[in-house]
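J.: If you scroll down you'll find the structure; I have some questions about it.
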Amino acid sequence: MPKKAKKAIEIDENTEFKPSKEFSKNARVKSMAQYKRMHAESIDKPNVFWAREAKELKWQKKWDKVLDWKAPNAKWFSGAKLNVCENCVDRHVEEGRGNKAAIIWEGEPGDKRVITYRQLLRDVSRFANALIAEGIKPKDNVIIYMPMTPEATIAMLACARIGAVHSVVFGGFSAESIKDRLDDSEAVAVITCDGGWRRGGTVALKANVDEALKGNKTVKTVIVQKRVGNDVTMKKGRDKWWDDAIADMPGTHKPKGFNAEHPLFILYTSGSTGKPKGILHTAGGYMVGTYTTCKYIFDMKEDDVFWCTADVGWITGHSYITYGPLLNGVTQIMYEGAPNYPEWNRFWSIIEEYGVSIFYTAPTAIRAFIKAGDEHVDKHDLSSLRLLGTVGEPINPAAWLWYYEKIGGGRCPIVDTWWQTETGAVMISPLPGCTPIKPGTATLPFFGVDAAILDEEGNECKPDVPGKLVIRKPWPSMLRNIYKDKKRYKDTYWSDYPGVYTAGDGARKDKKGNIYIVGRLDDVLNVSGHRLGTAEVESSLVSHKTVAEAAVVGKPHEIKGESIVCFVTLKTGVKDTDALKKELRNHVGKVIGAIAKPDAIHFTPALPKTRSGKIMRRLLKELVKTGKVTGNVTTLEDSKVIDVLQKSMQAT
């Protein structure tokens, strides 16, 4: 007798999915009553709450004070000394997890490695000794530009171990993007690879580093991992192979304790001014924040196999590959390549082979999997999964439901997480054992997070009325500064309301307090979960010899979240050809990286501007979304520009 067809679930904003009784019974937070008690304590008595969480980690010297707060400057665990790497690695060997797999790695071509916590300790110690041998000292800045190999995490941990400050650059970024970060950070060393694999081809990482280092006066050392075997140029006295650097180094290294506010890393993120912002995170608070969010939001247990599909070049890869999972002592998966290489079933094959129990990926990837077809999922056994997560941008309810049913089999809670490079760790998310989940909402604030939606006057918005998402109290993993730019730090994040952090996102709350993220408030695009400043893309376009002016806006995209749409005014005498569009796309890719290549370029004789010369991007946004402009154009210097643009858009 044929199976009875499963009735399709219909969802609207009132639909809730509650965790199963079995999941709640075994979860760290088992009920909403428990969540409310813990959250209230974390807000009303943060010193008590965070001291209790921090005591689960190893401190070489205990703190004198949990929090010292004078807006916008926070000091967490003042007086304490610790080593983040010691907590990620040594502690687990000491507690008997030495033979447990820390990292299960799979390369895109299919090569595989398993690294235990004891082996990881040896590898990190050898590389830490190699960095010291190169003269790298505490607070020296080190650029890391690598693919998703275990050596990327080893390099980050080794920097943390010796007190050097790492700045990881996404392997998809260009030489010019590396140069910007080198110049700002004044790095003394670069750690890279000969190349990386991507969809069967190679990315010339070392060649990009060589290009970025032209004229550089601060970098004294470049260490290169052999990965793809391509020919590279090695500069005598500066460049050395990874294997040669560690060849004579001992596999032991005593971790020194550093102050809790010692800088841990700088991670550059796009800003609306065109200059990347160096977000600075410090050791103690960041360690406690990533440890705690992993423990409660991902409900991590001793036998879990965790897989975050992000790249270490982004904050997600810092917090939920290199630091959070290792602080919790779990086994995690690292995968080097693309989700669709050589076939669209690569992710599901990895989950089946290694028995992944917690899977954390981006809505962009989920939408791409939906488009690719269910047949790629159906051939694999995903029954090892017990928890799913999403990160990068809001997930639309239809994609959420597919993820819940097709990947999670209708049994796995989904933690839809909201956070930022600046916040360091997840800020708003369901707790899987207790939170009733509504598709499309990140639900409720995490412990210690006092989130609110405010109007322009600073009043809390009523239910379902959108406003600015803010955080009203400090939290352990918060950014401490924009590197070398305290004024920009204050102006960007703390100037809208006194003593209150402005996230830059618009949001609304429903009547139950669930928070819905509705989009960026500034001119920053969210492309496949990666933030790109419109000013950066505009600047790269204008740097081309044919371009006089450019304006860039985002357009909703079913796979990437936002696509990049460019309006370009050419210099006099330049012809607007399809070949030039292609050349400009490639130019942006060269200047910033492939992630920033425009999806569409529209040539226009002029851009819509106010009489003061400001480009009216809101009109361009309306145009790309609807094909026409209905908004107020009375402030425009020349309203005829809109008519020309509308006709141009309709023609294409």
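J.: Pick out, from region 93-159, the strands (runs of 3 or more DSSP E) lying fully within it that include 2 or more residues that are touching a Gly at 6+ places or on another chain (Cβ under 6 Å), surrounded by fewer than 21 Cβ atoms within 10 Å (Cβ to Cβ) and of a type in the set (Ser, Thr, Tyr).
T.: Qualifying strands (runs of 3 or more DSSP E): none found.
J.: Looking at (1) modelled with pLDDT of 85 or more; (2) more than 24 Å from GLY533 (Cβ to Cβ); (3) exposed (fewer than 15 other Cβ atoms within 10 Å of the Cβ), which is the only condition ASP576 fails?
T.: For ASP576, the exception is condition (3).
J.: The conditions are (1) crowded, with 17+ Cβ neighbours inside 10 Å; (2) in contact (Cβ under 8 Å) with a residue 60 or more places away in the chain; (3) not charged (D, E, K, R), and ILE43 fails exactly one of them. Which is it?
T.: The failed condition is (1).
J.: Right, next: How many of the residues making up region 577-595 are without any contact (Cβ under 8 Å) to a residue 60 or more places away in the chain and of a type in the set (A, V, I, L, M)?
T.: Qualifying residue count for the region: 4.
J.: Something else: If a residue must be crowded, with 21+ Cβ neighbours inside 10 Å, aliphatic (A, V, I, L, M) and not in a helix (DSSP H, G or I), how many such residues does region 229-279 contain?
T.: 5
J.: Run LYS484 past the list (1) closer than 27 Å to ASN396 by Cα; (2) of a type outside the set (Asp, Glu); (3) surrounded by fewer than 19 Cβ atoms within 10 Å (Cβ to Cβ) and report the number of the one that doesn't hold.
T.: Single failed check for LYS484: (1).
Yes/no per residue for (1) assigned to a strand (DSSP E or B); (2) at pLDDT below 95; (3) hydrophobic (A, V, I, L, M, F, W, C):
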position: TRP50; (1), (2), (3): no, no, yes
position: TRP69; (1), (2), (3): yes, no, yes
position: PHE77; (1), (2), (3): yes, no, yes
position: ASP90; (1), (2), (3): no, no, no
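J.: For the condition outside the structural domain of PRO436 (by TED's automatic domain parsing), of a type in the set (A, V, I, L, M, F, W, C) and within 21 Å of the chain's Cα centre (by Cα), what is the one hit in ALA535, ALA507, ALA548?
T.: Sole residue among the options that is outside the structural domain of PRO436 (by TED's automatic domain parsing), of a type in the set (A, V, I, L, M, F, W, C) and within 21 Å of the chain's Cα centre (by Cα): ALA535.
J.: So which residues in region 162-218 are of a type in the set (Ser, Thr, Tyr) and outside any strand (DSSP E or B)?
T.: SER174, SER177, SER185, THR218 - these are the residues of region 162-218 that are of a type in the set (Ser, Thr, Tyr) and outside any strand (DSSP E or B).
J.: Only one of these is of a type in the set (Asp, Glu), out of contact with any Asp or Glu (no Cβ under 7 Å at 6 or more places or on another chain) and outside the structural domain of ARG126 (by TED's automatic domain parsing): GLU94, GLU86, GLU56. Name it.
T.: When all the criteria are applied, what remains is GLU56.
J.: Of everything in region 168-191 that's free of Cβ contacts under 8 Å to residues at least 40 places away in the same chain and in contact with a strand residue (DSSP E or B) (Cβ under 7 Å, 6 or more places away or on another chain), which residue is farthest from MET146 (Cα to Cα)?
T.: Looking at the filtered set, the residue picked out is LEU182.
J.: I'm checking my understanding of the structure. Among residues of region 118-146 that are in contact with a helix residue (DSSP H, G or I) (Cβ under 6 Å, 6 or more places away or on another chain) and among the small types (Gly, Ala, Ser), which one is nearest to PRO263 (Cα to Cα)?
T.: ALA128
J.: Limited to region 346-363, what total is found for residues that are polar (S, T, N, Q) and under 12 Å from TYR335 (Cβ atoms)?
T.: Final tally of qualifying residues: 2.
J.: Would you pick out the residues in region 587-605 that are more than 19 Å from HIS530 (Cα to Cα) and either aromatic (Phe, Trp, Tyr) or within 33 Å of the chain's Cα centre (by Cα) (or both)?
T.: HIS587, ILE601, HIS602, PHE603 - these are the residues of region 587-605 that are more than 19 Å from HIS530 (Cα to Cα) and either aromatic (Phe, Trp, Tyr) or within 33 Å of the chain's Cα centre (by Cα) (or both).
J.: Any residue at all in region 596-612 that is in contact (Cβ under 8 Å) with a residue 40 or more places away in the chain, within 30 Å of LYS438 (Cβ to Cβ) and among the aromatic types (Phe, Trp, Tyr)?
T.: no
The values are calculated or read from the model by the stated rules, or taken from the named source; none is laboratory data. Everything numeric here is computed off the predicted structure, so don't read it as measured data. Neighbour counts run over all protein chains shown; Cβ positions are idealised from the backbone, glycine included.
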